[in-house]
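Report on one structure; see the data block that follows.
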Amino acid sequence: MKPNACLALAALALAAAAEPVRATPGDEVEVTAGVVTGLSCALAAREKGDLKLLTACPPVEATKGLVVFDVAEKRIYGISTRKVRRSELESAFGGGSIDFTGVEATTDPKTLVSTVDVKDYSIAKRPKPGAFKGCL
């Protein structure tokens, strides 16, 4: 195989890996340490591949809608309010995370953001400023 052909195949493989996985309603979803962030920040992070955009999301974006970004799958999930309250998600915005299992209810074909009906979850709230107690 020619070197240029190898590079082209590698580029195709990387592009396919960067594309978010498409799921269908009814699929089981399990997310560990999903980042709670604003929708526009999650879309930008997925598009640019820059995960710093998730935790650097301005608080005004939280008022427009909260989502969960699964770093491992590069998927964005909206959480239905049937089981998880918005105030609980807000407590993890800007540095906290959520672990959850559930069933995919719908997917927006334009943004590929899936809404999940959560069965079980646990939330790690964002740390308070100055809460770091590690070694220096």
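The values are calculated or read from the model by the stated rules, or taken from the named source; none is laboratory data. Small disclaimer: the values here were computed from a predicted structure and weren't measured. FYI the Cβ positions are ideal-geometry reconstructions off the backbone, even for glycines, and counts take in every protein chain you see.
Things worth noting here:
- Pairs meeting the criteria (first residue in the stretch 44-70 and more than 19 Å from Lys125 (Cα to Cα), second residue at pLDDT below 95 and acidic (Asp, Glu), beta carbons under 9 Å, at least 6 apart or on different chains) are Ala44/Asp50.
- Checked against (1) in contact with a helix residue (DSSP H, G or I) (Cβ under 7 Å, 6 or more places away or on another chain); (2) surrounded by fewer than 15 Cβ atoms within 10 Å (Cβ to Cβ); (3) among the charged types (D, E, K, R), Lys110 passes all but condition (1).
- Residue count for the stretch 54-94 under the criterion of being within 18 Å of Glu30 (Cα to Cα), surrounded by fewer than 19 Cβ atoms within 10 Å (Cβ to Cβ) and of a type outside the set (Val, Ile, Thr): the result is 6.
- Residue pairs whose Cβ atoms lie under 7 Å apart, sitting 6 or more positions apart in sequence or on different chains, and linking a residue in the stretch 81-95 that is farther than 12 Å from Ser122 by Cα to a partner that is buried (at least 19 other Cβ atoms within 10 Å of the Cβ) and of a type in the set (Ser, Thr, Tyr), are Phe93/Thr37.
- Phe100 being in contact with a helix residue (DSSP H, G or I) (Cβ under 6 Å, 6 or more places away or on another chain) and surrounded by 17 or more Cβ atoms within 10 Å (Cβ to Cβ): no
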